[in-house]
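First up is the structure itself, then whatever we jot down about it.
The values are calculated or read from the model by the stated rules, or taken from the named source; none is laboratory data. Keep in mind the model is a prediction, meaning the values are calculated, not measured. Every residue, glycine among them, receives a Cβ derived from its backbone with ideal geometry; neighbour counts consider all protein chains shown. These accessible areas exclude ligands, DNA and RNA; they are computed on the full protein's heavy atoms, side chains included. Shrake-Rupley method; radii C 1.70, N 1.55, O 1.52, S 1.80 Å.
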Amino acid sequence: MFGFNRKRETIYMPVDGNVIELKEVSDPVFAQKMMGDGFAIIPTNDPVYSPVNGNVVSIFPTKHAIILKTTNGVDVLIHIGIDTVTLEGEGFDSRIKEGQNVTIGDCLTLVDREYLKMKGKNDTIIIVFPEHDGDIQVEKTGKYPQGEIIGSIK
């Protein structure tokens, strides 16, 4: 129960795009890993899909962030855009509900990237594992399609 026997889980690309390291993100809170370790993606399309199997723990009222809990109990924060909280939900069309189980590839939300750009917001998607002290491996950076394996977590 303390994670000693926790199995490694695969992490999949939640969107088509370019995987970058957190230190490259323009938000210092994420770049300095204050919210946890992880990676970021510069997206090239609008739907955001689940990168893991799990449960929807929380959808922020502003719809710009989602917390999933994997089947092995690891929290995954999916934060869409930089400073998009100020949009108060505009530009986001959530396709899930809190408490819902999701599988890899289920659509979580649609993001109107053109709207974000019109409002001067960066559309980078940040995926971090808050309060996780286990082993996170992001095996690749560069351009990949949604559904591609990009790493694992234990």
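Could you list, in sequence order, all residues of the stretch 17-36 that are open to solvent by less than 50 Å² (accessible area, probe 1.4 Å) and either within 24 Å of residue 147 (Cβ to Cβ) or not charged (D, E, K, R) (or both)? Outline the logic, then answer.
Our first condition is that a residue be open to solvent by less than 50 Å² (accessible area, probe 1.4 Å); within the stretch 17-36, this holds for 17, 19-20, 22, 25, 27, 30-31, 36.
Listed by number, the residues that qualify are 17, 19, 20, 22, 25, 30, 31, 36.
Find all pairs meeting these conditions: Cβ atoms under 6 angstrom apart; at least six residues apart or on different chains; first residue within the stretch 87-103 and assigned to a strand (DSSP E or B); second residue hydroxyl-bearing (Ser, Thr, Tyr).
92/109; 94/109; 102/50
Could you grab me the full set of residues in the stretch 116-144 that are modelled with pLDDT of 95 or more and of a type in the set (Gly, Ala, Ser)?
Within the stretch 116-144, 120 is the sole residue that qualifies.
Of the residues 23, 69, which single one is under 18 Å from residue 134 (Cα atoms) and either over 13 Å from the mean Cα position of the chain (by Cα) or in a strand (DSSP E or B) (or both)?
Going through 23, 69 in turn, just one is under 18 Å from residue 134 (Cα atoms) and either over 13 Å from the mean Cα position of the chain (by Cα) or in a strand (DSSP E or B) (or both): 69.
Can you name the residue in the stretch 70-105 that is among the aliphatic types (A, V, I, L, M) and open to solvent by 40 Å² or more (accessible area, probe 1.4 Å) and, of all such residues, is modelled with the lowest pLDDT?
85
For residue 41, indicate whether it is outside any loop (DSSP other than H, G, I, E, B), out of contact with any Lys or Arg (no Cβ under 7 Å at 6 or more places or on another chain) and closer than 17 Å to residue 10 by Cβ.
So residue 41 fits the description; yes.
Which one of these does residue 108 not meet: (1) open to solvent by 20 Å² or more (accessible area, probe 1.4 Å); (2) in a strand (DSSP E or B)?
(1)
Find the residue count for the stretch 37-69, including only residues that are open to solvent by 30 Å² or more (accessible area, probe 1.4 Å), among the aromatic types (Phe, Trp, Tyr) and touching a residue at least 40 places away in the same chain (Cβ under 8 Å).
1
Regarding the stretch 102-122, can at least one residue be identified that is closer than 22 Å to residue 153 by Cα and in contact with an Asp or Glu (Cβ under 9 Å, 6 or more places away or on another chain)?
For the stretch 102-122, residues closer than 22 Å to residue 153 by Cα and in contact with an Asp or Glu (Cβ under 9 Å, 6 or more places away or on another chain): absent.
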